[in-house]
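The next block holds one structure in the form of structure tokens; read it before the comments.
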Amino acid sequence: MDKPVFVINGFLDSGKTSFIRDTLNDPQFLSSGKLLLIVAEEGEEEYDEVAFAKKGVSIISVEEKEQLTTKFLTDLDDFYDPNMIMIEWNGMWKLDELLDLDMPQNWILGQIVTIVDSTTFPMYLANMRAMILDEVRYSDVVIVNRCDDATDRSLIRRSIKAVNRKTQISYERADGKVAGDFEDELPYDISQQKLDISDADYGIWFMDASDQPEKYEGKTVHFLSMLYVSPRLPKGYIVPGRMVMTCCAEDTQFSGFMAKLPAAVAPESLKSRMWFDVTADIHVQRMREYKGKGVVLYIKNMIPAKEPADPMIYFS
């Protein structure tokens with residue numbers, strides 16, 4: 001029988017222990033049997049081991065990362081024989097090291113939840129950007145807690161989605177109540193027929209158009225782009241886009257949409273890394289390269305342009 005493993009991730013004092021404690025106090029969560037809780041970080045909050053033992057929860061503390069070996073986890077599995085496993089991960093340890101570990105037989109990764117303290121996120125983003133974004137890179141769910149009316153949820157969402165587009169983000173107030181629905185405030189006027197996308201806004205536009213392409217159907221977009229040209233693309237198509245830094249200098253990627261060239265432009269006249277000022281109509285259609293539907297640009301005009309002083313695009 002498969003045993004799901006739930007990983008709870010986040011920096012010290014982000015609220016991991018409170019989240020785990022509340023989860024384990026839910027009778028429905030523990031209805032499937034015994035649970036093994038592996039605690040790799042001890043904060044100010046503590047677990048009532050006696051009370052949890054009565055509910056079938058066994059708690060094991062790990063002080064050194066080197067303790068976490070396949071043999072160690074297999075021995076725990078043999079001794080406690082849990083139906084589920086939950087790991088409170090140390091926020092200063094790289095999550096890759098846990099994910100790369102060979103888990104005991106039948107241990108199946110169920111879900112990774114990252115807890116983010118909204119009050120400290122901007123500081124961590126400014127000073128430890130790579131570290132905090134690595135925490136959310138593999139998360140299925142990110143819970144942003146301690147929110148209030150002053151919380152810059154646009155900044156938080158953009159930063160998280162830049163490295164993990166598929167994750168779900170939930171916002172909670174200090175009392176644990178859901179902070180309500182949130183739609184990211186866009187830096188350009190989406191109600192306009194023509195969108196002039198600046199370098200500062202390109203990353204946000206690309207991410208939003210990727211997530212909600214239907215919102216842009218029929219609009220016209222204008223932006224400065226670097227071309228990607230390849231014989232592997234469909235005939236008459238290129239990809240105008242930009243190099244985007246998601247986390248750090250070592251973590252950049254080319255982000256652009258498939259684009260149909262106008263009949264007047266000869267594909268053989270174009271090469272990758274050329275710069276153009278592009279104006280195009282946006283349509284949503286199915287493309288093999290997307291493995292589904294996505295934004296396709298029908299180029300109306302493209303004017304040769306100079307490479308900007310800083311060609312990199314940033315999400316925040």
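Data for the structure
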item: Hey, Thr74 among the hydroxyl-bearing types (Ser, Thr, Tyr) and either in contact with a Gly (Cβ under 8 Å, 6 or more places away or on another chain) or touching a residue at least 40 places away in the same chain (Cβ under 8 Å) (or both) or not; result: no
item: Residue in the stretch 126-139 that is in contact (Cβ under 8 Å) with a residue 24 or more places away in the chain, part of a loop (DSSP other than H, G, I, E, B) and of a type outside the set (S, T, N, Q) present; result: yes
item: The lone exception for Asp310 - which of (1) surrounded by fewer than 16 Cβ atoms within 10 Å (Cβ to Cβ); (2) modelled with pLDDT of 95 or more; (3) farther than 22 Å from Ser210 by Cα; (4) of a type outside the set (Phe, Trp, Tyr) it fails; result: (2)
item: Complete set of residues in the stretch 181-225 that are farther than 25 Å from Arg286 by Cβ and among the acidic types (Asp, Glu); result: Asp181, Glu183, Asp184, Glu185, Asp189, Asp196, Asp199, Asp201
item: In the stretch 171-211, the residues that are surrounded by 14 or more Cβ atoms within 10 Å (Cβ to Cβ) and among the polar types (S, T, N, Q); result: Ser210
item: Single match in Lys271, Lys293, Lys300 (criterion: in the same structural domain as Ala200 (by TED's automatic domain parsing) and part of a loop (DSSP other than H, G, I, E, B)); result: Lys271
item: Conditions (1) in a loop (DSSP other than H, G, I, E, B); (2) modelled with pLDDT of 90 or more; number of the one not met by Ala150; result: (2)
item: Pairs where the first residue, in the stretch 243-258, is assigned by TED's automatic domain parsing to the domain that holds Tyr298 and at pLDDT below 90 and the second is in a loop (DSSP other than H, G, I, E, B) and of a type in the set (Phe, Trp, Tyr), C-beta under 9 Å, 6+ apart; result: Met245/Phe315; Thr246/Phe315
item: So Asp81, is it in contact (Cβ under 8 Å) with a residue 24 or more places away in the chain, over 18 Å from Gly15 (Cα atoms) and either in the same structural domain as Arg21 (by TED's automatic domain parsing) or surrounded by 18 or more Cβ atoms within 10 Å (Cβ to Cβ) (or both); result: yes
item: Subset tally (residues that are within 24 Å of Lys161 (Cβ to Cβ) and of a type in the set (Lys, Arg)) for the stretch 267-316; result: 3
item: Filter result (touching a residue at least 60 places away in the same chain (Cβ under 8 Å) and within 9 Å of the chain's Cα centre (by Cα)) within the stretch 162-184; result: Ala162, Val163
item: Any pair with Cβ under 9 angstrom, 6 or more apart, that starts in the stretch 8-19 at a residue that is farther than 18 Å from Glu49 by Cα and ends at one that is surrounded by 24 or more Cβ atoms within 10 Å (Cβ to Cβ) and small (Gly, Ala, Ser); result: Asn9/Ser139
item: Options Asp75, Asp96; residue that is out of contact with any helix residue (DSSP H, G or I) (no Cβ under 7 Å at 6 or more places or on another chain) and under 26 Å from Val144 (Cα atoms); result: Asp96
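The values are calculated or read from the model by the stated rules, or taken from the named source; none is laboratory data. Computed from a predicted structure; not experimentally measured. Counting neighbours? That spans all protein chains shown, and the Cβs are built from the backbone with ideal geometry, glycine included.
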